[in-house]
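Have a look at the structure below before the remarks.
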Amino acid sequence: MEVIDIRDPISTRSRRLERMVERMERELILVLNKADLVPRNVAEKWKKLFSGEGYHVVYMAARDHKGTRVLRRTIKSLAPGFPTIVAVVGFPKTGKSTIINALKGRHSASTSPIPGSPGYTRHAQLYKIEPKIYMIDTPGVIPVEGGELESVIRGKPPEELKDPVRPAMMLLEKALKYNPYAVLEAYGIKEKDPYRILELIAFHRGWLYKTTKEPLVEEAAKTVIRDYHRGKLLFYVPPEEYLSQR
Ligand SMILES: Nc1nc2c(ncn2[C@@H]2O[C@H](COP(=O)(O)OP(=O)(O)O)[C@@H](O)[C@H]2O)c(=O)[nH]1
Ligand SMILES: [Mg+2]
């Protein structure tokens, strides 16, 4: 099961992983998670697109326990036999642990708002989600490769970035491209220039260098990245984008 962030499936799926599963001749389910953050018709379109490529696709909002029944049904229909083990893989923060939590009910797997913090899934763990179906939760087994912007969209925590400002500016640009109101909605700021937005966020929060009183744009940049991970800075890539790239 490959867990993908439906806000930006192009950046958060791994073709490398998909090809590997194909070579192993295993079944693969693409799970488009965080469907609560996109309109339903957008979720449907992504599902259609990837189904058209021959994949088994389920979209869900694991945090709201939505879509769990369809996922269960899909797993059961594809299982080559029982007991069966489903490996849950994907980039960090796509919602792997949340999905397992939603499927297994009360006994919870730990979820991770911040990789590296306590509760972050460090080792593969096995969970029983049905009498004869198990799931392996994995830490981010796929290296967060890609450029600055991609690695942030793929869940790289801002603390691990040498310079959070550039990727945060790129993220803001992308956000404004797909949702002109993203910055206004998240911060109440009516500004289009990414660097200026970071300055204003810092000013509003009183994040200034003690000596020079310049805005601490690095802090604002980390906040912007975290807010995308949290789903506070809101935008999604429309499926039409993918069609035009193919
Ligand atoms: N909006 C939204 N957020 C989600 C959903 N599923 C997970 N999250 C959030 O995404 C973050 C990462 O989730 P987690 O399960 O730890 O991801 P993992 O690193 O892939 O195991 C957490 O803050 C979750 O609350 C969802 O369906 N909708
Ligand atoms: Mg996890």
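For the chain, the longest piece that avoids every one of the chymotrypsin sites (Phe, Trp or Tyr not before Pro) found in DSSP loops with at most 13 other C-beta atoms within 10 Å covers 1-180. Roughly how many Å is it from the Cα centre of the range 1-59 to that of the range 216-246, as a whole number? When both Cα centres are located, 18 Å separates them. Placing a label point 7 Å from the Cα of Lys132 along the Cα-to-Cβ direction, the residues of the range 66-99 whose backbone N falls under 13 Å from that point are 76-85. The calculated P(r) of the range 145-201, using every Cα pair and 10 Å bins from 0, goes 24, 51, 25, 1 in percent.
Exposure proxy shown here: for Thr223, Thr74, Thr212, the number of other Cβ atoms within 10 Å sets the order, fewest to most, as Thr212, Thr74, Thr223.
Measuring nothing but how far apart in sequence close Cα pairs (under 8 Å, 6+ apart) lie, relative to its length, the chain scores a relative contact order of 18 percent. Subtracting the Cα-Cα distance of Glu185 and Asp64 from their residue separation scaled by 0.36 nm leaves 41.3 nm. Over all distinct Cα-Cα pairs of the chain, the Kirkwood formula returns a hydrodynamic radius of 19.0 Å.
The value given for the range 1-90 is a Kirkwood hydrodynamic radius of 13.4 Å, derived from the mean inverse Cα-Cα separation. Rg over Rh for the range 148-245 works out to 0.99, both radii taken from alpha-carbon positions and Rh defined as the Kirkwood radius. Note on Thr84 and Tyr55: the extension gain reaches 8.5 nm, defined as 0.36 nm multiplied by sequence separation minus the Cα-Cα distance.
Quick note: the coordinates plus some simple rules give every number you see, no bench work behind them. Model, not experiment: these values are computed from the prediction. We place every Cβ from the backbone using ideal geometry, glycine too, and count neighbours over all the protein chains shown.
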